[in-house]
Amino acid sequence: MNSGGQIAWAVRKENPLLLEHLNKFLARNKKGSLLGNILYNRYYLNASAIRNPLIESDREKLIDLLEVFRKYASRYNFDYLAIAAQAYQESGLDNRKRSPTGALGIMQVLPSTAADKKIKIKNIEKLENNIHAGVKYLNFLRKRYFSDPAITPANRVYFSWAAYNAGPAKINRIRRQAAKEGFDPNQWFFHVENIAAKVIGREIVHYVANINKYYVAYQLQFENYLKRQQEIEKLRKKMAPAKG
């Protein structure tokens, strides 16, 4: 890791307007400003909290779990890698995890949440039931609180992640506050998350940002992996001896 160094933007001489706008943006959003602090806290202050989801042991865990994630993500219309990324943030893909608040398993589901009539999943200490309960609850949050057509599909997931962590009432309250303060209440990143950092704290900002980073990492790694697996399966079938 580098320390004590400096970085700077380089702009062509024939682009004075770009330089002017960059300087204004940097002055307005430097460390100490709301957005500057959000970015500093997300990418620098808490960098040690971000794990590498692609180390060999964790990658092997995910490979073993892919089919279960695919099963329930497909049932509730989520990208299975987004669900896997959330599970990694919640538990590091460890179904043995128990939180001080009583949340259980790979998706860190509260027994009271799983038992609610809207979810009704029993035995959440079991891996598959835990994943099912977590995904079903996430879907409930999305449909109940963030189904407004003005919210993009991606932002519906971001808001649902935030609500999974902090509760839907808090998230809708800060969305209303964001609108009053001139931010877009239908966008999480760089808008509602700014208010969330002030009202709820940095934890929720890190929570959503980390999941999204793990999601991107999984997309880059496992989309190629699955394509290779599909090609191998096609080749295997092609080379299998004919019956009869």
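Here are a few things to note about the model shown:
- Positions within region 96-136 being part of a loop (DSSP other than H, G, I, E, B) and of a type in the set (Asp, Glu), in sequence order: Asp116, Glu125
- Members of region 179-211 that are surrounded by 19 or more Cβ atoms within 10 Å (Cβ to Cβ), of a type outside the set (Gly, Ala, Ser) and under 20 Å from Ala87 (Cβ atoms): Trp188, Ile204, Val205, His206, Tyr207, Val208, Asn210, Ile211
- Taking the criterion of being assigned to a helix (DSSP H, G or I) and under 18 Å from the mean Cα position of the chain (by Cα), the residues of region 137-153 that qualify are Tyr137, Leu138, Asn139, Phe140, Leu141, Arg142, Lys143, Tyr145, Pro153.
- Every residue from region 65-80 that is surrounded by fewer than 16 Cβ atoms within 10 Å (Cβ to Cβ), farther than 15 Å from Ser160 by Cβ and of a type outside the set (D, E, K, R): Ser74
- Among the residues of region 104-119, those that are in contact with a helix residue (DSSP H, G or I) (Cβ under 8 Å, 6 or more places away or on another chain) and either without any contact (Cβ under 8 Å) to a residue 12 or more places away in the chain or of a type in the set (S, T, N, Q) (or both) comprise Gln108, Thr113.
Condition check ((1) in contact with a Ser or Thr (Cβ under 6 Å, 6 or more places away or on another chain); (2) part of a helix (DSSP H, G or I); (3) farther than 20 Å from Lys143 by Cβ) across all residues:
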| site | (1), (2), (3) |
| --- | --- |
| Tyr164 | no, yes, no |
| Lys170 | no, yes, no |
| Arg173 | no, yes, no |
| Gln177 | no, yes, yes |
| Gly182 | no, no, yes |
| Pro185 | no, no, no |
| Asn194 | no, yes, yes |
| Lys198 | no, yes, yes |
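- Here is the figure for region 122-133: residues that are surrounded by fewer than 22 Cβ atoms within 10 Å (Cβ to Cβ) and not basic (Lys, Arg) total 5.
Just so you know, all these numbers are worked out from the coordinates, no wet-lab data involved. Note that this is a predicted model, so its numbers are computed, not measured. Backbone-built Cβ (ideal geometry, glycine too); neighbour counts: all protein chains shown.
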